[in-house]
Every structure is written in C-alpha cells, then in structure tokens.
Amino acid sequence: MSDNQVTNILVVGIGGQGVMTATEILAEAAIALGHDAKKTEVAGMAQRGGVVSSHLRFGNKVLSPQIMAGQADLLVGFEAAETMRWCHYLKPGGLVLMNTARIVPPVVDIGLYDYPADPIAEIKSRGYRVHAFDAMAIAMELGDVRLGNTVMLGAMADHLPFPPQVLLDAILKRFSQRKPHMVEVNRKAFEAGRAADKAANQLSHAEAAA
Amino acid sequence: MAAVMPQPAASRLLLSGNEAVARAVWESGCRVAAAYPGTPSTEMLEVISTYPDIYAEWSVNEKVSLEVAIGAAFAGSRSFCAMKHVGMNVASDALMTLTLTGVVGGLVIAIADDVGLSSSQNEQDSRYWGRFAHLPMFEPADSQEAYEMTKAAFDLSEGFQCPVILRMTTRINHVKALVTVGERVAHAATGFKKEPARWVMTPAGAGKRIPLMFERDKALRAEAEISPLNIVETGKDRRVGFVSSGPAWMHVRESFPDAPALKLGFSCPVPIEKIRAFAATVDQLVVVEEVEPLVEMELKAAGIACLGKDILPRQGELAPNVLKPAIAKLLGEPEPVGLKPLGRATPVPASVFPRPPTMCVACPHLGVYYTLSQLKNITIAGDIGCYTLGAGHPWNALDTTISMGASMGIAMGLDKGRAEADKDKRILAVIGDSTFLHMGMQGLLDIVYNGGNVTVLLLDNRAVGMTGGQANPGSGKGIHGQETPRVDFAKLVESLGVKKERIHVVDPYQLPVLFKTIREEVKVPEVSVIITNQPCVLIDDYKKQQPYEVIAYKCTGCGNCVDVGCPAIHVTRREKVIKPSGKEVELQFVNIETAACTGCGLCVQPCAPEAIVHADLTKPMRLVRH
C-alpha cells in the first residue's frame with residue numbers, strides 16, 4: 001500500500017463517536033500480524049464534542065507517530081464535514097471511506113458558521129476517490145447507533161494490507177472479553193459495513209462511467 | 001478503578017506513554033504514587049491505581065502529591081508522582097528544597113508538557129526545572145522508552161539519592177506504541193531514620209547542603225556523559241548533524257534518515273563533551289528541541305557552534321512538516337523533499353467551520369451560564385475546568401482565566417482595583433468543586449478576611465470533569481471508587497467566614513431559583529457563595545430522565561432554548577421577519593436530538609409557547625438531520 005513500507009491510516013470524526021477505539025482495534029489487528037505500530041491523536045478536549053483525528057502508522061518499523069498532509073494511504077471519516085476537513089492528508093488520488101451522517105455543532109446552530117453544502121462533492125473535486133454511506137442509519141437498523149464504529153471498521157476491511165478476517169478477529173476479541181452478548185451483532189455490523197463499502201464502490205464506478 | 005491482574009511479563013502490549021510509565025512504576029517496586037489529574041498526565045495515576053501492591057491516591061493538588069511522594073521516599077519507599085506542566089508551578093515550592101535534602105527511596109516525578117496546547121492554558125517548557133532545581137532529567141521518545149527510562153530513573157534516583165524528573169509531552173503521554181513488559185521486583189521500605197541535618201531544612205542546615213548539591217551536579221554530568229540513554233546514530237549525509245530529544249527525536253529520524261544524530265535521553269545535565277565530539281564530525285549542528293532553546297544555549301555558552309531556534313519555531317511541535325522545510329532552506333534546497341508527493345504542491349486544507357469543544361448535553365453548568373448570559377453590568381472571573389467553556393458561544397459569560405483557583409484572587413483584585421466608571425459593576429467568580437479544593441479556598445479566605453465584594457459561584461459537580469470525571473474530596477469517593485468523607489461545601493465556606501445568610505445551595509436545573517439567587521446576591525455589597533449541587537453528567541451519580549422533543553407547529557422560532565447552549569438542540573430553519581416595531585429579527589426554529597437528550601429540562605423553562613414536551617418513547621428515536 002505504501003512505498004516506504006509504512007501504512008498510514010487517518011481516522012477522523014468528533015469526540016464521543018468511537019474514533020480512537022476504532023483506530024486502536026485497527027492497531028491491534030496490525031500488531032497481531034507482527035507489525036510495529038504507533039497510534040496518535042490530535043484530540044484537544046475531544047470528550048467535549050471537539051475534532052478528533054486519530055493517526056495509525058504500521059509497518060516494519062515506525063518512527064514518527066504522525067501522518068503528514070499528503071501522506072495518508074486511507075482516510076476514514078466518521079462524519080461528513082470532518083472528512084472534508086482532513087481530506088488533504090490523503091495521498092493524491094487516495095481513497096476516502098466516509099459516513100455521510102452530519103453532526104452539526106452549536107456554532108453552526110447559532111448561525112456563526114455554515115455547514116458545507118456538499119462535502120462529498122468538495123472531496124471529489126480534489127481528485128480523491130470516495131466511498132460514502134450512512135453508517136449511522138445502518139447501525140440504527142441493527143438496533144444500536146453505537147455499532148456505527150464497527151460498521152466503519154467493516155468498510156475498511158477490504159482496503160487494508162491484510163485479510164478482513166484479521167480485523168474482524170480483533171473486533172470480536174475485544175467484545176468477547178468485555179461484552180460477550182455484543183459479539184454476534186458486531187459481526188453483523190462488520191459485514192454490513194463491508195457491504196456498504198462494496199455498494200458505494202460500485203456506485204462510484206458507475207458515476208465515473210457516466 | 002479496581003485492581004486487575006496485570007498482563008504477564010514478556011507480553012508485547014500496545015500502551016500509551018502514560019500506561020507504559022504506570023507499568024514501569026509498578027514493576028520498579030514503587031510503593032506510593034500520588035497525583036492531581038491534569039491532561040495529558042492523568043492516565044499515569046489512573047492506571048497505577050489498577051495495579052496491586054501499590055498505594056495510589058488523587059491528592060488535592062500537585063504540591064500535596066509531591067509532598068506525599070517525598071514523605072514516602074524519606075521513609076525509604078520507592079515513590080512516584082505525576083503532574084501536567086503547570087502542576088509543577090504549584091509543586092515547585094517543595095521541589096526546590098527537596099533538591100537539598102534528597103531522598104532515600106527512589107523518587108520519580110513525571111511532568112507532562114502540553115507542547116501544542118491541546119488542553120492547557122500555556123506551553124511552558126518543564127526542562128527548566130532540571131536546571132532550576134539541579135536535578136537529573138530523562139526524556140523518552142516513545143512508549144517503550146517511557147517504560148525503560150522510568151525504571152532507570154528509580155535506579156538513578158537511589159544511586160544519587162535525589163529525585164529524577166521524567167519529562168514527557170502530549171506526543172508521548174497519549175501515543176500508543178508497542179512495549180515489551182517485564183516482571184515486578186518488590187522493594188521493601190528501609191524505614192525513616194532521624195537525621196535532622198538532612199531532613200530539617202533550617203537556614204543553617206540548608207546552607208550546608210548547597211555545596212553538596214553542586215558536587216552532585218558534577219557527578220550527574222559525568223554520569224550523563226557516559227549514559228547509554230544518550231546515543232549517536234551515524235549517517236552518511238554529514239552536511240547537518242542533529243541533537244534532539246523526546247518526540248522531536250522521532251521526527252528527526254523520520255525526516256532525515258541519512259543524517260548523523262545524537263539523541264539525548266539523559267538530557268540534564270547536558271553531556272557537553274559528548275556533543276562536542278559529535279559536533280566535530282558534522283558540517284553544521286542543529287539542535288531540535290521542544291520548546292525553549294535550553295540545550296542550544298548551553299552548547300553556545302560552551303563554545304560549540306550550533307543552530308536551533310534561529311531556524312526552528314519556539315512554539316509547538318517540531319514535526320516533519322516543520323523540520324523538512326527549515327532544513328531544506330538551511331541547505332539552500334528549494335524543494336522540501338517528501339512534502340510535495342508526486343511533484344504536487346503541499347495540499348491545502350478545505351475550509352470547514354471550527355468545531356470547538358462544547359459542554360455536554362444536559363451539563364449542569366448550562367443553566368449557570370445561561371443565567372449569567374442574561375445578566376448585565378457584571379464582570380466574571382473564571383477558572384480552570386469544563387466551565388472555562390462558558391467563555392465561548394452562545395454564553396460569552398466568562399471574562400478571565402489564568403490558573404487553578406485564580407478566579408478568587410482575581411475577582412478580589414477586580415473589586416479593589418475597579419475604576420470610577422465601574423463603581424456599580426458586580427464582580428462574580430466561577431469555580432468548580434475540585435479547583436476550589438485544589439487552590440481556590442485560600443483565595444476565598446482572602447476575600448472574606450479583607451472584605452471583598454464578590455459573588456462566588458461554586459459549581460459542585462462532584463468530579464474533576466474536564467479530565468474525565470476523576471474523584472476528589474468533594475466526591476465522597478477515592479481513586480478506587482471507595483467511600484471517603486465528603487466535603488460539605490456550605491459548612492466549609494461558612495467556617496472560612498462567609499455569613500450563613502450569604503450561602504445558598506441551589507439546583508442549577510431550576511432556572512428561576514438560580515436567576516433570583518444570583519440577581520439578589522450580586523446586589524449585596526459583601527461576599528456571597530452560591531453552590532450548585534448537581535453531578536457531572538459523565539459520572540455514575542448522574543441519572544438520565546425521559547428525553548424531550550419539539551412539537552414543530554408550536555415552535556415560534558424565538559431561539560430562547562438555543563441560548564441555553566445544549567448540543568442536543570439544533571436549529572432546523574431560519575427565517576427573517578419584520579416586527580410591528582419595524583425591527584428585523586431572525587427566527588430560529590428548532591428540533592431536539594431525542595436520542596442524545598437526557599431530559600434535564602433546562603430548555604423547557606425559557607420556551608414560552610410550550611413547544612418542548614416529553615418524547616413519546618413508544619416511537620423509535622430519531623436522529624436530527626439537516
């Protein structure tokens with residue numbers, strides 16, 4: 001995936017969405033395969049609904065934990081405007097997996113700023129490939145909005161330098177230890193995320209052809 | 001946090017720098033650990049408290065935490081204390097004399113600098129403390145080093161009988177990386193031995209210890225010169241050689257893999273001769289240090305030519321995106337290699353609204369700030385905590401923030417130093433429970449003793465909210481969740497001398513009561529204390545209520561509920577109308593994100609048309625979409 005043998009994945013969203021947990025599970029999957037890995041966040045007071053960007057770098061040997069602008073192999077966005085905020089971190093032509101859900105902050109509600117009209121179009125206009133789907137709606141259909149995190153991980157599964165099963169195992173291992181009754185529904189959420197990504201991929205090819 | 005079985009030795013674990021230090025503290029046989037929470041240091045004590053066979057406490061402030069660690073070290077136990085950078089400002093009174101007495105049991109002090117200001121009021125460089133207090137300092141560059149250096153710090157501390165400072169930064173504390181852990185080795189306490197010439201620092205006694213401290217300086221410098229924590233990595237591109245420490249070291253290796261570089265792990269005292277020898281092997285020497293030019297100044301004073309802050313910024317992190325262009329410019333290379341992938345220009349970020357941190361849905365502080373935002377002719381001295389967010393939108397109801405507990409003294413000064421034009425201004429101070437106990441009560445005592453006219457709002461939410469809801473003496477819980485005596489704030493402030501009739505305990509969700517109480521107390525020309533009594537929504541004490549929803553046709557767009565500032569309230573439509581008076585107003589029609597609402601009822605109270613009602617829970621919860 002990367003010419004310097006370090007894979008750079010940037011996961012972004014807002015505080016409370018599970019961005020940091022998702023990246024940690026991804027890191028655990030990479031470690032299970034014997035990679036070196038470093039994970040770092042820019043999360044100033046993120047527990048209070050602020051911006052979160054979680055950097056994961058893995059490979060033979062990782063030095064700096066930070067991904068620089070223009071270097072990410074994959075951008076995973078848990079929220080539409082946040083995906084747009086960080087899209088310049090991708091390599092030219094890089095792939096964006098994004099939740100289309102919009103979480104509007106108070107500064108927009110009180111009229112100080114506008115929410116971007118069309119984040120997907122803006123990201124595409126910069127030459128990035130976009131797979132967009134409503135992860136929150138998928139999670140709600142499965143009965144719990146918190147499953148959105150696993151849906152997003154499922155969407156990543158076919159874009160990693162290791163088999164999807166490794167990531168699924170890392171997710172299920174975490175739940176089997178802490179919440180065994182949540183294992184099956186997370187397996188479903190993971191597969192729903194993979195399916196959503198595939199559908200979005202087909203859609204983006206169809207659009208490109210048209 | 002309850003104790004759990006630690007992961008077995010030789011495990012390869014993904015640990016943050018804080019978790020790595022905690023593991024090493026436990027393995028080192030440390031018996032006493034103390035801290036006051038503060039980002040990015042908090043998790044060190046939080047994780048230590050989960051290990052068996054070690055006493056851990058949340059102290060009331062950093063100075064007390066250091067004193068607890070000092071006492072334990074005097075008793076011959078290995079001890080540890082952790083704090084954020086500004087915490088050492090508070091603790092330094094103890095530190096500056098501790099350096100004269102030294103210790104018996106190993107004492108390691110971890111200081112977490114917030115380089116890049118992710119959650120702090122300043123960006124001071126804690127490496128100054130090593131110089132100021134004549135103490136050795138280690139600087140890890142990732143989690144594995146944080147683990148190893150913590151263990152080495154205990155050994156050095158006992159070897160030289162002085163505390164050792166472990167200087168970390170956010171980019172170490174909060175980065176997760178692989179650590180191979182080891183076994184715990186118990187260290188029994190050797191016992192306190194009376195030795196007044198050493199432990200009782202009178203002027204005469206202290207005067208005799210100062211020359212010993214200078215002797216120790218020399219010995220420590222010799223130790224640093226040969227320390228295996230200071231390493232040279234050779235490189236074939238000798239145009240620039242680097243001296244670096246901490247996370248900046250990783251950025252240097254990432255950015256210039258072919259350059260020679262000297263890593264300072266044992267960074268104070270600076271191993272001058274080792275660096276002098278290294279400097280002779282390269283064309284130019286560049287010091288890459290976060291934040292201040294401390295090593296650079298020492299090298300220049302020692303006659304070693306080097307560059308540092310002449311070409312690198314004195315603020316923020318020295319990541320590859322900063323280092324590469326600076327060094328390219330130094331070498332006269334126009335194109336910073338690696339920053340322009342595939343020959344394209346450095347990518348420019350898209351323009352997106354800012355997303356500042358907000359108060360939580362149903363936060364008890366919302367009612368306080370909504371009320372304060374409705375009052376006129378007031379000045380509000382604020383403090384450090386979640387409630388600092390009251391300075392932001394939509395409340396704009398906080399006028400100063402300096403340091404822990406400062407709201408009290410600053411309010412007093414605003415009162416006594418007021419201009420003639422401000423003679424009718426009401427002075428308020430807003431402070432949280434934990435900040436009040438940390439350093440605020442002395443300030444209140446000063447206001448009472450010296451006759452200040454200040455209305456104090458003591459926001460008691462039973463937790464250290466901003467750092468994640470840790471316990472404090474006002475929580476009635478200890479670090480393990482165990483029951484402890486709970487401070488009675490009303491009795492406490494009464495005993496400081498606040499008149500009983502000027503003390504009010506109010507429910508911050510009862511807006512009319514809160515409003516009436518504040519409005520009446522600011523008119524009284526003496527000190528009043530209004531204590532709010534509802535818990536932080538992030539701790540177990542908080543009980544969710546039935547959520548609310550908006551009946552769309554009843555909403556008149558007045559926007560009163562929006563002014564509460566709850567993140568669960570969203571404006572769905574705006575409309576400009578001309579009032580009969582001819583004035584143009586913007587209406588804001590709203591919806592409530594029922595899935596997020598926990599039914600505090602704050603927004604219901606200012607809603608005139610009664611458009612906000614309990615949600616019908618038989619219907620599926622809706623997410624608000626725009």
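If you go through the stretch A:105-124 and pick out every residue that is outside any helix (DSSP H, G or I), buried (at least 19 other Cβ atoms within 10 Å of the Cβ) and free of Cβ contacts under 8 Å to residues at least 12 places away in the same chain, you end up with 0.
When B:G443, B:G451 are screened for being outside any strand (DSSP E or B) and crowded, with 19+ Cβ neighbours inside 10 Å, only B:G443 passes.
Do you know which residues across the stretch A:189-210 are of a type in the set (G, A, S), loosely packed, with under 11 Cβ neighbours inside 10 Å and either in a helix (DSSP H, G or I) or under 15 Å from the mean Cα position of the chain (by Cα) (or both)?
Filtering the stretch A:189-210 down to residues of a type in the set (G, A, S) leaves A:189, A:192-193, A:195-196, A:199-200, A:204, A:206, A:208-210.
Filter once more, keeping what is loosely packed, with under 11 Cβ neighbours inside 10 Å: A:206, A:208-210.
Result: A:A206, A:A208, A:A209.
Residues that are more than 9 Å from chain A (Cβ to nearest Cβ) and at pLDDT 85 or above within the stretch B:319-350 comprise B:V322, B:L323, B:P325, B:A326, B:I327, B:A328, B:K329, B:L330, B:L331, B:G332, B:E333, listed in sequence order.
Can you confirm whether the stretch B:127-139 contains a residue that is more than 14 Å from chain A (Cβ to nearest Cβ), closer than 28 Å to B:G382 by Cβ, of a type in the set (A, V, I, L, M, F, W, C) and under 22 Å from the mean Cα position of the chain (by Cα)? Taking every residue of the stretch B:127-139 in turn, at least one turns out to be more than 14 Å from chain A (Cβ to nearest Cβ), closer than 28 Å to B:G382 by Cβ, of a type in the set (A, V, I, L, M, F, W, C) and under 22 Å from the mean Cα position of the chain (by Cα). Hey, can you tell me all the residues within the stretch A:159-185 that are of a type outside the set (K, R), away from every other protein chain (no Cβ under 12 Å), more than 16 Å from the chain's Cα centre (by Cα) and in a helix (DSSP H, G or I)? Matches in the stretch A:159-185: A:Q165, A:V166, A:D169, A:L172, A:F175, A:S176, A:P180, A:H181, A:M182, A:V183, A:E184, A:V185. In the stretch B:380-391, the residues that are without any contact (Cβ under 8 Å) to a residue 12 or more places away in the chain reach residues that are among the aliphatic types (A, V, I, L, M) with C-beta atoms within less than 7 angstrom, at least six apart or across chains, in these pairs: B:A391/B:L398. When the stretch B:351-389 is examined, which residues are found to be of a type in the set (S, T, Y) and more than 10 Å from every other protein chain (Cβ to nearest Cβ)? Listed by number, the residues that qualify are B:Y369, B:Y370, B:T371, B:S373, B:T379, B:Y387. Going residue by residue through the stretch B:585-607, is there one that turns out to be free of Cβ contacts under 8 Å to residues at least 24 places away in the same chain and within 30 Å of B:E483 (Cα to Cα)? So far as the stretch B:585-607 goes, no, none of its residues is free of Cβ contacts under 8 Å to residues at least 24 places away in the same chain and within 30 Å of B:E483 (Cα to Cα). Among residues that are more than 14 Å from chain A (Cβ to nearest Cβ), among the acidic types (D, E) and touching a residue at least 40 places away in the same chain (Cβ under 8 Å), B:E273 is included. Here B:F266 clears all of (1) buried (at least 20 other Cβ atoms within 10 Å of the Cβ); (2) in the same structural domain as B:M168 (by TED's automatic domain parsing) except the condition numbered (2). One residue is enough: does the stretch B:61-78 have a residue meeting the conditions outside any strand (DSSP E or B), in contact with a helix residue (DSSP H, G or I) (Cβ under 7 Å, 6 or more places away or on another chain) and of a type in the set (A, V, I, L, M)? Looking through the stretch B:61-78, at least one residue is outside any strand (DSSP E or B), in contact with a helix residue (DSSP H, G or I) (Cβ under 7 Å, 6 or more places away or on another chain) and of a type in the set (A, V, I, L, M).
Of all residues in the stretch A:58-110, which are small (G, A, S) and more than 7 Å from chain B (Cβ to nearest Cβ)?
Taking the stretch A:58-110 and keeping what is small (G, A, S), we get A:59, A:64, A:69-70, A:72, A:77, A:80-81, A:93-94, A:101.
A:G59, A:A72, A:G77, A:A80, A:G93, A:G94, A:A101 - these are the residues of the stretch A:58-110 that are small (G, A, S) and more than 7 Å from chain B (Cβ to nearest Cβ).
B:H570 passes every criterion in (1) more than 14 Å from chain A (Cβ to nearest Cβ); (2) outside any helix (DSSP H, G or I); (3) not small (G, A, S) apart from (1).
Among the criteria (1) in a loop (DSSP other than H, G, I, E, B); (2) of a type in the set (S, T, N, Q); (3) farther than 21 Å from B:G405 by Cα, the one B:T39 does not fulfil is (3). (1) over 25 Å from the mean Cα position of the chain (by Cα); (2) not in a loop (DSSP other than H, G, I, E, B): which one isn't true of B:T556, the others all being true? Condition not satisfied by B:T556: (2). Sub-9 Å Cβ pairs linking a first residue in the stretch B:206-226 that is assigned to a helix (DSSP H, G or I) to a second residue that is small (G, A, S), at least 6 apart or interchain, are B:K208/B:A197; B:R209/B:G102; B:R209/B:A197; B:L212/B:G102; B:M213/B:G102; B:R216/B:G102; B:E223/B:G159; B:A224/B:S267, ordered by first then second residue.
Only one of B:I48, B:I70 is assigned by TED's automatic domain parsing to the domain that holds B:A153 and touching a Phe, Trp or Tyr at 6+ places or on another chain (Cβ under 7 Å); which?
B:I48
Is it the case that some residue within the stretch A:30-42 is in a loop (DSSP other than H, G, I, E, B), more than 10 Å from chain B (Cβ to nearest Cβ), at pLDDT below 95 and more than 11 Å from the chain's Cα centre (by Cα)? Checked against the condition, which is being in a loop (DSSP other than H, G, I, E, B), more than 10 Å from chain B (Cβ to nearest Cβ), at pLDDT below 95 and more than 11 Å from the chain's Cα centre (by Cα), the stretch A:30-42 yields at least one hit.
Taking the stretch B:457-495, which residues are basic (K, R) and either touching a residue at least 40 places away in the same chain (Cβ under 8 Å) or not assigned by TED's automatic domain parsing to the domain that holds B:Y369 (or both)? Can you show your working first?
We begin by selecting, within the stretch B:457-495, every residue basic (K, R); these are B:462, B:477, B:486, B:491.
Residue satisfying the conditions is B:R462 alone.
Can you name the condition, by its number, that A:V52 falls short on among (1) more than 30 Å from B:H570 (Cβ to Cβ); (2) more than 7 Å from chain B (Cβ to nearest Cβ)? Result: A:V52 passes all but (1).
Here is the figure for the stretch B:76-121: residues that are within 13 Å of the chain's Cα centre (by Cα) and of a type in the set (K, R) total 1. Taking the criterion of being within 12 Å of another protein chain (Cβ to nearest Cβ) and either under 30 Å from B:H393 (Cα atoms) or assigned to a helix (DSSP H, G or I) (or both), the residues of the stretch A:125-158 that qualify are A:S125, A:D134, A:A135, A:M136, A:A137, A:A139, A:M140, A:E141, A:V145, A:R146, A:G148.
All told, B:F436 meets the bar of being surrounded by 16 or more Cβ atoms within 10 Å (Cβ to Cβ) and part of a helix (DSSP H, G or I). A single entry from B:A133, B:A94, B:A110 fulfils the requirement of being buried (at least 24 other Cβ atoms within 10 Å of the Cβ), modelled with pLDDT of 95 or more, of a type in the set (G, A, S) and out of contact with any His (no Cβ under 9 Å at 6 or more places or on another chain): B:A110.
The values are calculated or read from the model by the stated rules, or taken from the named source; none is laboratory data. It should be emphasised that the depicted structure is a prediction, and the values quoted were computed from it without experimental measurement. Cβ: placed from backbone, ideal geometry, glycine included. Neighbour counts: every protein chain shown.
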